[in-house]
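This report concerns only the one structure given below.
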Amino acid sequence: MPSEMEIIKQDFEKRSLELGRKIEQLEEEKMQLELDFDVKKLEADKLRKGKNKNNGDRKSRRKRLKLINGKINSKILELEKLLWKKVY
């Protein structure tokens, strides 16, 4: 029969592994969001330089870009917050 200390140690190791997996998952999600952000940034640069053939309303394009960038930034912040909570 394992001692109380051994049980605590096993629980700690199990929790540590779970948190390690969760951290890896969050880091992967963060990396994917950063890639998505880079793509959106390139699209925004393309729009700013006038290379896009569609000359739609500039205000609506800016609104869409701000909305997209805001969503991406907030998701990255959420993931970083979760990551820090799991680490500490």
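Taking only the alpha-carbon positions of the chain and ignoring solvent, what does the Debye formula give for the base-10 log of I(q)/I(0) at q = 0.17, 0.19, 0.20 Å⁻¹? Computed log10 I(q)/I(0) values: -0.79, -0.88, -0.93.
Computing FRET efficiency as 1/(1 + (r/R0)^6) for Asp36 and Gln10, where r is the C-beta to C-beta distance and R0 is 30 Å, gives about 0.15.
Determine the alpha carbon to alpha carbon distance for each of Lys9/Lys81; Lys49/Lys81; Lys46/Lys75; Lys14/Lys75 and list only those over 31 Å. Pairs exceeding the cut-off: Lys49/Lys81.
FRET efficiency for the pair Asp45 and Glu78, taken as 1/(1 + (r/R0)^6) with r the Cβ-Cβ distance and R0 = 22 Å, rounds to 0.30.
Rounded to whole numbers, the Karplus 3J(HN,Hα) couplings from phi for the stretch 70-87 are x, 5, 5, 4, 5, 5, 4, 4, 4, 5, 5, 4, 4, 4, 5, 4, 5, 6 Hz, using 6.51 cos²θ - 1.76 cosθ + 1.60 with θ = phi - 60°, and x at Gly and Pro.
All other residues with a Cβ under 12 Å from the Cβ of Lys86 taken together, and with Lys, Arg as +1 and Asp, Glu as -1, what is their net charge? Residues close to Lys86 contribute a combined charge of +1. Calculated [222 nm] ellipticity per residue, helices only, for the chain: -31500 deg cm²/dmol; basis is -39500 (n - 2.57) per DSSP H run with n ≥ 4, divided by all residues, nearest 500.
Put in line by how crowded their Cβ is, counting other Cβ atoms within 10 Å and starting with the fewest, Phe12, Phe37 read Phe12, Phe37.
Values quoted throughout were computed directly from the atomic coordinates according to the rules given, and no laboratory measurement underlies them. Only a predicted model underlies this, so the values are computations on that prediction, with no experimental measurement involved. So basically every Cβ, Gly included, is an ideal-geometry build from the backbone, and we count neighbours across all protein chains shown.
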